[in-house]
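First comes the structure, then the notes that go with it.
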Amino acid sequence: MDRLAYYHLLHLFSLFVLTAHTFMAFGNPDPVNKRRTMTITGVASLLVLVSGFGMLHWRAITFSTGWVIVKFVCWLGLSSLSGVVYRRAHLRGLLSMISLLLILTAVYMVYFRPF
């Protein structure tokens, strides 16, 4: 298995963990769970970033490519939403729709790369 495959596996696993814990925060924004959720989503978000840039490096893709910038913005938005829901619990429905839109946009960019 080459290095790129390890980055890809780490990237996908970290995305699943980040998404699952973000939606867990939407389902139960109890302040008791905040520290654990923020720790897990923070580590998963960092792993998504590092593995994503690792894949870009090994595929020799520049950051200034349009679809990469869109995915970076989607990552930034999804990474921030688990913290926002603890401050604005009354906006859970809207925040979950925003996160679904960010995830859909990021997946679209992976498969179609319109830029």
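The values are calculated or read from the model by the stated rules, or taken from the named source; none is laboratory data. All values derive from a computational prediction rather than experimental measurement. All Cβ positions, even for glycine, are placed from backbone atoms using ideal geometry, and neighbour counts span all protein chains on display. Surface accessibility is based on the protein's heavy atoms, side chains included, excluding ligands, DNA and RNA. Shrake-Rupley method; radii C 1.70, N 1.55, O 1.52, S 1.80 Å.
Computed quantities for the displayed model
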{"read-out": "Farthest toward positive dipole pole in the chain [+1 Lys/Arg, -1 Asp/Glu at C-beta], among L12, L100, G27", "value": "G27"}
{"read-out": "Viscosity 1.567 mPa s, 4 °C: Kirkwood-radius Stokes-Einstein D of region 43-93 over Cα pairs, µm²/s", "value": "105"}
{"read-out": "Accessible area per residue, Å², the chain with all protein chains present, probe 1.4 Å", "value": "63"}
{"read-out": "Nearest 10 degrees, 0 to 90: helix 66-87 Cα axis against the chain principal axis", "value": "20"}
{"read-out": "Additional length obtainable on full extension of the chain from F13 to L100, 0.36 nm per residue less Cα span", "value": "29.6 nm"}
{"read-out": "Convex hull projection area averaged over all views, the chain, Cα basis, nm²", "value": "7.2"}
{"read-out": "Whole-number percent relative contact order across the chain, with pairs defined as alpha carbons under 8 Å at least 6 apart", "value": "33"}
{"read-out": "Cβ-derived FRET efficiency at R0 30 Å, K34 paired with S64, nearest 0.05", "value": "0.25"}
{"read-out": "Pairs of alpha carbons in region 64-115 whose separation is greater than 19 Å (percent)", "value": "31"}
{"read-out": "Protein accessible area in the chain, 1.4 Å probe - carbon and sulfur %", "value": "71"}
